[in-house]
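The values are calculated or read from the model by the stated rules, or taken from the named source; none is laboratory data. Every value quoted in this text rests on a predicted model; they were computed, and no experiment measured them. No Cβ is skipped: glycine too gets one built from the backbone with ideal geometry, and neighbour counts run over all protein chains shown.
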Amino acid sequence: MATAAASITGVPLPSGPSAGRLAQAAAFHRDPLGFLRRTRDEFGDAFTLRLAAAGPMVVFSDPAVVDEIAELPRAVGHAGAARRRLVQMISERSVLGTDGQDHRITREQLEPAFARDRVDHLRDAMTRIAEAHVADWPRGRPFRVLPRMRAIADEVFAKLVIGVRDERRAKALAGATQRMLWTPGNPPFPPPGQYAGLLGAAATRLFERRKAPVAALLAAEIDARRASGENHGDGDGGIDVIASMLRATPERPTDELVDELVPLLMAGQEPAAAGLTWVLDRLARNPDLAEHFLEAPDDDRLRTATVREALRLRPAVHSVARKLTEPHTIGGRELPAGAVASVPIVLVHRDANAFPDPDTFRPERFVDRGLDELPFLPFGGGPRRCLGEWLAHAEIGTVIPTILRQLGLKSMFPEPERMVVRGTVLVPHRSGLARG
């Protein structure tokens, strides 16, 4: 049943479902693709969702509107503010949570740590980390892939990207990050924040307790780096995140740097682990593709197409969102300042005009088509395109082959698991149950 959506400063938003905020949030978290498809079928290509943890969002599912939102100038569309509506424990200081000129400066400071050349230099170290983890994975019995991918992603990010040089501290930080973000299963559980009510307040307190060990370990590493005076990077022409931050703002207090780093650790775990799990699941279901993936070079067209198709059907992140700082017309609709405009990646990736037979896994659809002509957003777009895109490609190109070499993985179910929502990330509802 339709309802007149809330207005902002007297300007009505597009209509949307009449269910309450908790009911909409539960439906979205349990089955984002199904919920968005049903809502689009009822209300058309533009509709307003009211979610318990995020407040109202105007969703545009027409692929023609994708660039209008993704390419909004930093001064008009604030991605950080929109992201903080969805994951409200993200600091405004972080590159993920800041906006405007502050975002541009912060991103430019961090870009050397995520540059393609530096990330490619880390591939051997990524492989060694993955080998050590996969050696301890179960054999001959079912297990959940996603938490094990999180463990790999955490260690790669803490040690190689953030630049925690003390081995014991890096291991401890990876473990503390896992504990900070852990929840039982994958429920539609609201993240901490003002829109989640009493449950959100309780989650905020729990998160702060879990964050404390992470913050202490990061502070210890930063202080040790300051004391040593070694802020030159990783010794091979590259520069890690801590070195980037200390070079750019050497006098900044440690606690402010930690505040920036914690959201980066979160981003280094959840989307990376989800993407790795979804790609591995597809290869586990297609032995011929898995064999080709293992033998082909990184730039092989079919190997690249396989990854793209896996992330088309199961992207790691569910939306691109921007909070408007001024009235703006999107998709022919006038939206007021303060409105959050969103592109549902999971829905536009299944647009039947761009991707015929959209629910079928067909890597060949990407072999002879350029990405410029497709609504394809696994790493977002515009000035807020994912900073860790090259890192994700390197992890897929090293971690996945390492697993395939050491383990004959088989999926436990004939079809891929349903996507569920954790914050902004899409994960398998059984955490990628497989047998080694």
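With respect to the conditions (1) surrounded by 21 or more Cβ atoms within 10 Å (Cβ to Cβ); (2) closer than 27 Å to G97 by Cβ; (3) touching a Lys or Arg at 6+ places or on another chain (Cβ under 7 Å); (4) touching a residue at least 60 places away in the same chain (Cβ under 8 Å), T398 lacks only one, and its number is (2). Quick one: would you say E291 is assigned to a helix (DSSP H, G or I) and farther than 15 Å from V66 by Cα? Judged against the criteria, E291 is a match.
Is it the case, given these coordinates, that D136 is more than 20 Å from the chain's Cα centre (by Cα), of a type in the set (D, E, K, R), assigned to a helix (DSSP H, G or I) and surrounded by fewer than 17 Cβ atoms within 10 Å (Cβ to Cβ)? So D136 fails the test. Of the set (1) in a helix (DSSP H, G or I); (2) at pLDDT 95 or above; (3) of a type outside the set (S, T, N, Q), all apply to D357 but (1). The residues in the range 249-306 that are of a type outside the set (G, A, S) and over 30 Å from R84 (Cβ atoms) can be counted, and the count is 23.
Considering only residues in the range 94-125 that are closer than 15 Å to L257 by Cα and among the polar types (S, T, N, Q), the one that is surrounded by the most Cβ atoms within 10 Å (Cβ to Cβ) turns out to be T98. Can you spot a residue in the range 266-278 that is modelled with pLDDT under 95 and among the hydrophobic types (A, V, I, L, M, F, W, C)? Yes - at least one qualifying residue is present in the range 266-278.
Each residue in the range 298-340 was checked for being surrounded by fewer than 16 Cβ atoms within 10 Å (Cβ to Cβ) and polar (S, T, N, Q), and 1 of them qualify.
Got a sec? Which of L13, L72, L33, L49 is modelled with pLDDT of 90 or more and either of a type in the set (S, T, Y) or touching a His at 6+ places or on another chain (Cβ under 8 Å) (or both)? Exactly one of L13, L72, L33, L49 is modelled with pLDDT of 90 or more and either of a type in the set (S, T, Y) or touching a His at 6+ places or on another chain (Cβ under 8 Å) (or both), namely L72. In the range 318-371, the qualifying residues are those that are of a type in the set (G, A, S) and out of contact with any Pro (no Cβ under 6 Å at 6 or more places or on another chain), and the one that is farthest from I69 (Cα to Cα) is G370.
From the set of residues in the range 40-64 that are part of a helix (DSSP H, G or I) and touching a helix residue (DSSP H, G or I) at 6+ places or on another chain (Cβ under 9 Å), which is surrounded by the most Cβ atoms within 10 Å (Cβ to Cβ)?
Filtering the range 40-64 for residues part of a helix (DSSP H, G or I) gives 40-43, 63-64.
From what's left, touching a helix residue (DSSP H, G or I) at 6+ places or on another chain (Cβ under 9 Å): 40, 63.
Values: R40: 17, P63: 20.
It comes out as P63.
Listed conditions (1) assigned to a helix (DSSP H, G or I); (2) of a type outside the set (A, V, I, L, M, F, W, C); (3) out of contact with any Phe, Trp or Tyr (no Cβ under 9 Å at 6 or more places or on another chain); (4) touching a residue at least 24 places away in the same chain (Cβ under 8 Å) are all met by R74, apart from (1).
Taking the conditions exactly as written (modelled with pLDDT of 95 or more and either of a type in the set (D, E) or farther than 28 Å from G175 by Cα (or both)), does L313 satisfy them or not? It is true that L313 is modelled with pLDDT of 95 or more and either of a type in the set (D, E) or farther than 28 Å from G175 by Cα (or both). When we screen G163, G100 for residues that are closer than 30 Å to H78 by Cβ and in contact with a strand residue (DSSP E or B) (Cβ under 9 Å, 6 or more places away or on another chain), the only hit is G100. Can you confirm whether E364 is farther than 16 Å from P271 by Cβ and in a loop (DSSP other than H, G, I, E, B)? For E364, the condition - farther than 16 Å from P271 by Cβ and in a loop (DSSP other than H, G, I, E, B) - is not met. The single condition among (1) out of contact with any Gly (no Cβ under 9 Å at 6 or more places or on another chain); (2) modelled with pLDDT under 95; (3) not aliphatic (A, V, I, L, M) that E131 does not meet is (2). Condition (residue is crowded, with 16+ Cβ neighbours inside 10 Å, of a type outside the set (A, V, I, L, M), touching a Ser or Thr at 6+ places or on another chain (Cβ under 7 Å) and under 24 Å from R333 (Cβ atoms)) applied to the range 23-33: is it met by at least one residue? No, every residue in the range 23-33 fails to be crowded, with 16+ Cβ neighbours inside 10 Å, of a type outside the set (A, V, I, L, M), touching a Ser or Thr at 6+ places or on another chain (Cβ under 7 Å) and under 24 Å from R333 (Cβ atoms). Can you pull out every residue in the range 341-374 that is surrounded by 15 or more Cβ atoms within 10 Å (Cβ to Cβ) and among the small types (G, A, S)? The answer is A341, S342, A354. When V346, V427 are checked against the criterion of being touching a helix residue (DSSP H, G or I) at 6+ places or on another chain (Cβ under 9 Å), among the hydrophobic types (A, V, I, L, M, F, W, C) and part of a strand (DSSP E or B), a single residue qualifies: V427.
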